[in-house]
Amino acid sequence: MQNNLSTSPSPFPFDLTGMHLAPGKGLAVQLYQSLRDRILGGQIDRQVKLPTTRELAQALKVSRTTVVRAYDQLYAEGYISARVGDGTYVSAPASDIPKAPLPAKVVAKPRLSALGQRVATHAKLMPQPGKPRAFRLGVPALDLFPGDVWARLQADFWRRAPENCIGYSDPAGDPQLRAMLAGYLRNARGLVCDPDQIIITAGTQQALFMCAQLLLNPGDLAAMENPGYPRAASALTLTGGKVVGIGVDGEGLIAQELHAHRDIRLTYVTPSHQYPSGVTLSLARRLELLAWAEANQSYILEDDYDGEYRYSGTPLALLASLDRSGRVLYMGTFSKIAFPGLRLGYIVAPPALATTLVNLRMQYDRHSSVPEQAVMAEFIAQGHFQRHVRRMRRASRARRDAMTEVWDRIRPGGIVLPQIDAGLHCTVRLPTVRQQDDMIEKALAAGVEIDALTRFWLQDQLGNGNEGAGLVMGFGGANETEIAASIKTLAKVWR
Ligand SMILES: Cc1ncc(COP(=O)(O)O)c(C=O)c1O
């Protein structure tokens, strides 16, 4: 049923003929929009007295609440005003009211910048929602995060009379958190740095944008591993860089290939666990890369996203700890040890760049959330973080073991897994893209998430063909039972 009003003769000082309020679609909003459009279109004159809410409700056969809500919205936006003891009047300022009736709505085509246009051509990028399933990429053991401890620390923060610390804060980040991180990096990762070199960020993604914006002019060459991290490629290109893919072999990024290009301003690498191939950058390559950066006055963006997860062998020295000439910007994240929804990460910058990065962060969004940073600082200060790192490493090792043992026993699709020494995912190559897509489709239909290796190759550069096909599987997010069950499912659907 529609609430139609035909008024003849109109009991109101304006004509509501043809006002249709469609049921089930928010009557108050429709009434508000209809009255607003009539005021703006000049069909209801300025200074006109409106009917009472009761009168209008009766005429429209809607509840009085509907009319009250519509009037409230018009009041709030200044279209009508109340005169005490008299009633409600149209009060829209004359400048708001066009002389001629409003033209029909035309949705304008967005006029975008070059960057806006590039972003607009991306499909809407949404991460997989819900509890992580096997073999979702990029998520750690979220089920093990000590939410009770976090909640207690949050309550403590709010009890400590925080009015003197919840205003705007240091754009470099919470000083205690930076001091704690400097200690953690020294003890756990062998990286000696001053807290003043640390800038807290909203995760690695913001760190990548900040570093790229700081170091690249439009058209500058930025090198990265190919295959590599698509989000890094986006950050480098969206900030104006021209991305050059550098090959990856069993020792990681083939540093020699950098010499084939003149004037590469920066190189993005994932040395601890190359994303997505899983290779560790050898010491020889690390030294070669550093020598290249020094000789060419280039920078290195070292993304240590899952560096805490090493299951065998000793971790190699971080590029940032080997750097003698201020060429390495180290990026860490809490996404893989705590949880990605936290949006906390950090850059350890060469001293000559730290203040500039802090100033840049100030212009972006001032700083990360004060309470979340303070709670993380306490989480580290009280030893919970270190305990949680150990717990996560143990759990991920157990998940890795389940992955390799059950897989080796069952061999779904006849596929052999590589040895997994680090990280939270593994990659296997396949002979053709067709086989890759077919296997992924069947897995997905059976509820098992697998990524296509072809997704990780830079566009327009080698690797989009069959030679780039494969499967990328994360084992961090699901527990051992779920991993085993998913492997059995794969064996069935890939038979
Ligand atoms: C290569 C790489 N770097 C960094 C990150 C972490 O990004 P963020 O800190 O923005 O969550 C990820 C997450 O999946 C990643 O795969």
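The values are calculated or read from the model by the stated rules, or taken from the named source; none is laboratory data. Since the structure is predicted, the reported quantities are computational estimates derived from the model, not experimental observations. Cβ sites come from the backbone with ideal geometry, for glycine too, and all protein chains shown count toward neighbours.
Annotations
Each row is one residue, and each column tells you yes or no for (1) in contact with a Gly (Cβ under 6 Å, 6 or more places away or on another chain); (2) within 15 Å of G228 (Cα to Cα).
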position	(1), (2)
A446	no, no
E449	no, no
L453	yes, yes
Q459	no, yes
V472	no, yes
A484	no, no
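- Options Q73, Q128: the member that is modelled with pLDDT of 90 or more and surrounded by 10 or more Cβ atoms within 10 Å (Cβ to Cβ): Q73
- Among the residues making up the range 329-352, a single one is buried (at least 20 other Cβ atoms within 10 Å of the Cβ) and away from the ligand (no atom under 16 Å from the Cβ): A349.
- The numbered conditions (1) within 16 Å of the ligand (Cβ to nearest atom); (2) without any contact (Cβ under 8 Å) to a residue 24 or more places away in the chain are all true for T314 except (1).
- The residue that is nearest to the ligand (Cβ to nearest atom), among those in the range 289-310 that are among the hydrophobic types (A, V, I, L, M, F, W, C) and touching a helix residue (DSSP H, G or I) at 6+ places or on another chain (Cβ under 7 Å), is L301.
- L153 touching a Leu at 6+ places or on another chain (Cβ under 7 Å), at pLDDT 95 or above and over 30 Å from S486 (Cα atoms): no
- The set of residues in the range 55-70 that are of a type in the set (S, T, Y) and buried (at least 18 other Cβ atoms within 10 Å of the Cβ) contains only T66.
- When residues of the range 210-243 are limited to those that are surrounded by 20 or more Cβ atoms within 10 Å (Cβ to Cβ) and not aliphatic (A, V, I, L, M), the one farthest from the ligand (Cβ to nearest atom): G241
- Selection within the range 166-184: residues that are in a helix (DSSP H, G or I) and surrounded by 23 or more Cβ atoms within 10 Å (Cβ to Cβ). The member of this set that is farthest from the ligand (Cβ to nearest atom) is R178.
- For the range 152-165, the count of residues that are in contact with a Lys or Arg (Cβ under 9 Å, 6 or more places away or on another chain), part of a loop (DSSP other than H, G, I, E, B) and among the aliphatic types (A, V, I, L, M) is zero.
- Among the residues of the range 405-427, none qualifies, meaning not one is touching a residue at least 24 places away in the same chain (Cβ under 8 Å), over 24 Å from S272 (Cβ atoms) and of a type in the set (S, T, Y).
- Cβ-Cβ under 6 Å pairs, at least 6 apart or on other chains, the range 322-336 side assigned by TED's automatic domain parsing to the domain that holds A182 and in a loop (DSSP other than H, G, I, E, B), far side away from the ligand (no atom under 14 Å from the Cβ) and of a type in the set (V, I, T): R327/I300
- Any pair with Cβ under 8 angstrom, 6 or more apart, that starts in the range 18-43 at a residue that is among the polar types (S, T, N, Q) and ends at one that is surrounded by 14 or more Cβ atoms within 10 Å (Cβ to Cβ): Q30/L21; S34/M19; S34/L21; Q43/F14; Q43/D15
- Filter result for the condition that a residue is basic (K, R) and buried (at least 22 other Cβ atoms within 10 Å of the Cβ), over R361, R310: R361
- Cross-chain or 6+ apart pairs with Cβ under 9 Å, the range 146-161 first and under 15 Å from H388 (Cα atoms), then of a type in the set (K, R) and exposed (fewer than 15 other Cβ atoms within 10 Å of the Cβ): P146/R387
- Residue tally, condition surrounded by 14 or more Cβ atoms within 10 Å (Cβ to Cβ) and free of Cβ contacts under 8 Å to residues at least 12 places away in the same chain, over the range 255-265: 1
- Residue match in the range 266-288 (condition: without any contact (Cβ under 8 Å) to a residue 12 or more places away in the chain and either under 30 Å from L181 (Cα atoms) or in contact with a helix residue (DSSP H, G or I) (Cβ under 9 Å, 6 or more places away or on another chain) (or both)): no
- Every condition in (1) more than 24 Å from the chain's Cα centre (by Cα); (2) modelled with pLDDT of 95 or more is met by L462 except one, and the failing one is (2).
- Residue that is farther than 18 Å from E77 by Cα, touching a Gly at 6+ places or on another chain (Cβ under 9 Å) and surrounded by fewer than 19 Cβ atoms within 10 Å (Cβ to Cβ), where the choices are T52, T17: T52
- Selection of strands (runs of 3 or more DSSP E) fully inside the range 190-301 by the criterion of at least 3 residues being touching a Lys or Arg at 6+ places or on another chain (Cβ under 8 Å) returns 198-201.
- Residue pairs meeting the criteria (Cβ under 9 Å; at least 6 apart or on separate chains; first hydroxyl-bearing (S, T, Y), in the range 431-443; second in a loop (DSSP other than H, G, I, E, B)): T432/A469
- Among the numbered conditions (1) under 28 Å from G250 (Cα atoms); (2) assigned to a helix (DSSP H, G or I), the only one that T427 does not meet is (2).
- In the set R393, R361, R400, only one residue is within 16 Å of the ligand (Cβ to nearest atom), in a helix (DSSP H, G or I) and either farther than 23 Å from L424 by Cα or of a type in the set (K, R) (or both); that residue is R361.
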